[in-house]
Amino acid sequence: MHEIIFFDTLREGLWSAVLISTPILCAALVVGLLIGLLQALTSIQEMTLTFVPKLLAMVLVFWISMDFMTQTLVDFFSSSVVSLIGSI
């Protein structure tokens, strides 16, 4: 296998990972900022207060974007990995 093909496939795989993780990470960021703002406004400094809302938001966004994530992985594997296996 040529190095160019290997690095191109690796680059596509990393980009697919970024695309798949973006919705969940954005949800965690937004909920964390909102909870942090609420904690600053109310002077409640409980560390465990941010965990449950973040977890619920991440699970909800995962459930909603599961079709997008699956389709992104299927596209990556069908366009890159399967064609590499076929050429060996």
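The values are calculated or read from the model by the stated rules, or taken from the named source; none is laboratory data. Quick caveat, the model's predicted, so the values are computed rather than measured. Positions of Cβ are generated from backbone atoms using ideal geometry, with glycine treated the same way; all protein chains shown enter the neighbour counts. Calculation scope for accessible area: heavy atoms of the full protein, side chains included, ligands and nucleic acids excluded. Shrake-Rupley method; radii C 1.70, N 1.55, O 1.52, S 1.80 Å.
In the chain, what percent of the accessible surface is made up of carbon and sulfur (1.4 Å probe, ligands and nucleic acids excluded)? On the chain, the fraction of accessible area on carbon and sulfur atoms equals 78 percent. Largest first, the residues Asp67, Asp75 sort by 1.4 Å accessible area into Asp67, Asp75.
Rolling a 1.4 Å probe over the heavy atoms of the protein chains gives the chain an accessible area of 77 Å² per residue.
Entry note, the chain: the mean residue ellipticity at 222 nm calculated from DSSP H runs of n ≥ 4, each adding -39500 (n - 2.57), is -27500 deg cm²/dmol after division by the residues and rounding to the nearest 500. Angle of helix 51-64 to the longest C-alpha principal axis of the chain, folded into 0 to 90 degrees and rounded to 10: 40°. Dipole size of the chain about its Cα centre, with +1 on Lys/Arg Cβ and -1 on Asp/Glu Cβ: approximately 240 debye, rounded to the nearest 20.
Of [x] 61, 25, 15; [y] 39, 37, 28; [z] 38, 31, 19, which one was derived for Cα extents along the principal axes in Å from the structure shown? Working out Cα extents along the principal axes in Å from the coordinates points to [x].
In plain terms, the chain from Ile85 to Thr70 could stretch by 3.4 nm, reckoned as 0.36 nm per residue minus the Cα-Cα distance.
A crude spin-label estimate for the pair Thr22 and His2, with each label 7 Å from Cα along the Cβ direction, gives 2.9 nm. Say we join alpha carbon atoms closer than 10 Å with springs in a Gaussian network model of the chain; which of Met58, Met47, Met66 then has the biggest fluctuation? Answer for the Gaussian network model of the chain: Met47.
With every protein chain in place and a 1.4 angstrom probe, the accessible-area ranking of Glu12, Glu3, largest first, reads Glu3, Glu12.
Put a dot 7 Å past the Cα of Leu37, heading toward its Cβ, do the same for Val59, and the two dots end up 2.5 nm apart.
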